[in-house]
Every structure is written in structure tokens, then in C-alpha cells.
Amino acid sequence: MPTSTSYAPDPRYSALGEGFADPVPAARFPKRILRFRNDRHAARVGLDTLTDPEWEAAFARFEPLPGNLAGPLALRYHGHQFHSYNPQLGDGRGFLYAQLRDDRGRLLDLGTKGSGTTPWSRGGDGRLTLKGGVREILATEMLEALGVDTSKTFSLYETGEDLWRGDEPSPTRSSVMVRLSHSHLRFGTFQRLAAYRDRARMERLLAYAIEQYHPQLLQGGVAGPAAFLSAVCSKVAFTCGRWMSAGFVHGVLNTDNMNITGESFDYGPWRFLPEADPRFTAAYFDSGGLYAYGRQPVAVRWNLDQLAFALSTLGEPLDGALDGFGAALFEGMSTGLLRRLGLASAGEAADTALVQAWFGFAEQSRAPFDRLFFDWYGGVSGSARAARSPSAGLYAGEGFAPVLDVLSAFVPVAPERLADPYWARERPVDLRIETVEALWDAIAYKDDWAPLHAHVAGIRELGALLSKA
């Protein structure tokens, strides 16, 4: 299989040795219809030059990539699910397929979802619904556009099987997905070894995680559990802050869904806010609102406590390792807010005032969340656009006055972007549930993929505008 000169295989996980994963075969699918190919990120790992047959061989048949893992590995982990510890987890419908370096030298994983049963399937069929694959494309594309550190949906094939699910009209169509991630090491990977009191493997895993994903810790000598936990805390808290500014609700913030690089991944019942409601939940089964939008910081902090408990089994003090959570969370929120508004920082005090005023108004007014950012992109420079908005009446009231006062201290990062045709649209690109369902209905009832691809293009257009020059 020919690859480009920038392809840099580096299969490190198997070097951890026995006890971390299980070799598994990939499922054989009756059909392999390519529905999504992420050439933008394939170019970053040297796989964009693969022909369609070669892409199918890799990401639907899972033939080994050159110089990479000899076969798929189903990773072992435990985790807390809705605060209940579950030792029966692990990759039940996915596996680690390959590891490689990107154009920044980072070690990345190619992992699957829907690729068949493993020893950890717990009676499941190991498959992924096509709707689930489509939803993951949308979530990762929008989060990337909004500046959230997220896994990337790399490939999606429809696989020609009928699946039965309790939360979708069945039978429903099937798929196999590949995601590009900055590690699949979960909090639950460490929890499993702590539960077994496997100190030797815990030390080996910790050394691997620091060397590959937090190498900055080695610059001052040998890094221990406290330094590692502090680094993970900062990354994870920052990402959580970015979720808040993105209006994103993950839905299932279990410890097996938390990554030690802080990268957001594994999207099941996610939702984007229609309006700023702290009680808004994404999962129909989260009846108590444990993972509601406004509780996400509490949930993430609780998960970090569980990682800390696992690392404490190594016997070294972890005092103060989680003290940076609040500052990193706020930094994620404030920088995410400024990015969405296209504004330069005006200093810590002004940035803090903007976060407080903005989210206070959003919650009090229940203004459409995405439109609020759309209307005021560029700050006060967007006043004319905001005046034409269906929400203009909300902006004219007393409740918005504090926001307007604070906005006057900010200037656009790139004023020329205010003239982009995107800001002349009637409404912003969004992923409200109505939008997602409409895109899926076109596929489900007409097999029409054009709306999905057009929407992804619109999301990428937004991302290009929001990124810094």
C-alpha cells in the first residue's frame, strides 16, 4: 500500500507489553460504501494519497498499514459510569488500528467504532449505526470549528447490515467509523490497574503516557504522578471550558470517556444548546441531570478525583495537583468566547467581565445560543448585523446593556473578516437537534448525502473564519 513521504508509522502501544490490550480480528462486512473521507486530516498523517481501493483496504477491511501494528488491539480499561464503578468495560465495538506521527510530530491513534465484537463486547453486536456515524462526523467537525480540542472523524463506511436498537427506529443501517485521536488512554485505563493493584504496569503506563503525551514534564528531570496529574487536569479543564463556550453537552462524561491528553472524544448522545440552560441534558437516560450543561465542570472535576485516586496507589503525594482546575476551566471559557466573537483579549479584568456579562445575559434572556454569537461577531463592530437579527428586541432591552458596555473595550482580531459573506447569511450554521435530524432524514428516506456534505462545508467555512490569521 503506497503512502506519501510524510507518513510516519510509530506503533508504540504494543511496547507496553502484555496486559494492556487484546489482539482481535476485524469484522467482515457485506458492503463497504464510502460515505466520508477526511482528506484534510489524512494529509496531516501522510495518508491522503491513498486511492479509494487502498482506503477501503485500510479503513473497511483493516489490512495493516505499512510498518504499523500487525493487527488490531482492543484496549482494556474500567470506569465509572454515572458514578457507578464498572470493571466490565474495555473496547467492546472498537480497537486501536494504527499509530503514527502527524505533521507536528505528535503520536496519534487511528481507532475504530463499529468494527466488530471483542472480548469486551458484553453481549453486544460490536456494530455502529449509520446514524451514529453521521452524528460523530457532525460533532467533531463543529467542535473543531469552534476551537475545541477534539478527535477527528477520519473515515465512515456504510456496511450493509440491519441493526436493531432501542433508541432508533429499527432495523437501521450500519457503519464502521475510524477516528484520528491524540491517544486513546482513558482515565479508566489507570483505574483498571489500580483496581488490580498492578503497580508494575501502572508505572509502565505512567512512563509511557508522560513520554508520549506530556513530554514537557521530562525537561526538569524524572516526572512523577503529581506532575502528570496536574498536566492532565489543566488540559481537561481547558477543554471543558471550551465546551461551555461552544454550548456543547457531551452527554456521557464517564471516566472511560475522558482522555489523558484532554482531547474530547467518543460522541454518543451529544447535543448543542438551543439556548443557555444550565439544566439542559443530552442523554434521555440522564434523568437526574448528572451531566447537564451547567454541571459539566463538576462532572469533569469529579472524574479527575477518580484519576487521582488511581494514581495515589503508586504511593507518592498528589497534594495540589488539581489546584489549577478552576483557572484552566476559566481560560478555556474566556478564550473560547473571544474566538467565537472574533475579538482580541482586552486584559484579564475585561475578559473576566465579558465572560460574566455574556453568559449572565445568555442564561437570563434565553436568547438563541448560536445566533447570539453570530449577531455579535466582531463585538460592537457587528451592531448593524445585530440590529437586523430576529433577536434584536432582546439586545435593545436593559438586560443587554452590561454586555454592550463590556464589549466596547474589545476590538476585532481581524476586522476584514467582518465583510465575509458568511456574516450576511440569514442565520448561522448550527447543530441544533432539528438541524441534525433534518440532515439524517435526507439520508434515511432519500439516501441523499448532499445536505450533509454541504453542512460540513458550511461548518468548515465557519471554522476558517474563527481561526486566527
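A short reminder: the numbers here are calculations on the coordinates, not readings from a lab. Predicted, not measured: the structure shown is a model, and the values here were computed from it. Every residue, glycine as well, gets a Cβ built from its backbone with ideal geometry; the counts of neighbours run over all protein chains shown.
What to note about this one:
- Nearest 10 degrees, 0 to 90: helix 433-446 Cα axis against the chain principal axis: 60 degrees
- Taking MET258, MET244 and counting other C-beta atoms within 10 Å, the order from fewest to most: MET244, MET258
- Cβ-placed point charges (K, R +1; D, E -1), dipole of the chain about Cα centre in debye, nearest 20: 440 debye
- Size of charge dipole - the stretch 342-466 - debye, nearest 20, with Cβ of Lys, Arg +1 and Asp, Glu -1, no other charges: 240 debye
- One decimal place: the segment ALA207-ASP319 gains 38.3 nm when fully extended, by the rule 0.36 nm per residue minus the C-alpha distance.
- Per-residue 3J(HN,Hα) values for the stretch 168-173, derived from phi via the Karplus relation 6.51 cos²θ - 1.76 cosθ + 1.60 with θ = phi - 60°, read 9, x, 10, x, 10, 6 Hz in sequence order (x marks Gly and Pro).
- If only the Cβ of Lys and Arg carry +1 and only the Cβ of Asp and Glu carry -1, the dipole of the stretch 90-205 around its Cα centre is close to 540 debye.
- The fraction of all Cα pairs in the stretch 188-331 landing in successive 10 Å bins from 0 to the largest distance is 12, 40, 31, 15, 2, given as whole percents.
- Cβ-derived FRET efficiency at R0 45 Å, LEU16 paired with ASP277, nearest 0.05: 0.55
- When the Cα positions of SER287, LEU218, ALA327 are compared along the charge dipole of the stretch 188-331, SER287 comes out farthest toward the positive end, with charges on each C-beta of Lys, Arg, Asp and Glu.
- The stretch 188-331: relative contact order as a whole-number percent, Cα under 8 Å and 6+ apart: 33 percent
- Net length available on complete extension from TYR445 to PHE309 is 44.1 nm, with 0.36 nm assigned per residue and the Cα-Cα distance removed.
- Neighbour counts of other Cβ atoms within 10 Å put ILE433, ILE459 in the fewest-to-most order ILE433, ILE459.
- For a paramagnetic label modelled on ASP167 (point 7 Å from Cα along Cα→Cβ), amide N atoms under 17 Å away belong, within the stretch 259-284, to 265-273, 280-284.
- In this structure, ALA457 and ALA401 have a Cβ-Cβ separation that, at R0 = 35 Å, corresponds to a calculated FRET efficiency of about 0.40.
- Rotationally averaged projected area of the chain (alpha carbon convex hull; nm²): 22.3 nm²
- Dipole axis of the chain (+1 Lys, Arg; -1 Asp, Glu on Cβ), positive-most option in LEU110, PRO317, PRO30: PRO30
- Cα-based helix-to-principal-axis angle, 348-365 vs the chain, degrees rounded to 10: 80 degrees
- Between the amide H of GLU275 and those of PHE369, distances stay under 5 Å, these residues lying 5 or more places away or on another chain, with hydrogens modeled in the peptide plane.
- Using C-alpha pairs under 8 Å with a sequence gap of at least 6, the mean separation divided by the residue count of the chain gives a relative contact order of 14 percent.
- Kirkwood Rh, Cα atoms: Rg over Rh of the stretch 8-184: 0.95
- Rounded to 0.05, the FRET efficiency of the GLU348 and VAL411 pair, given R0 = 22 Å and the Cβ-Cβ distance, is 0.85.
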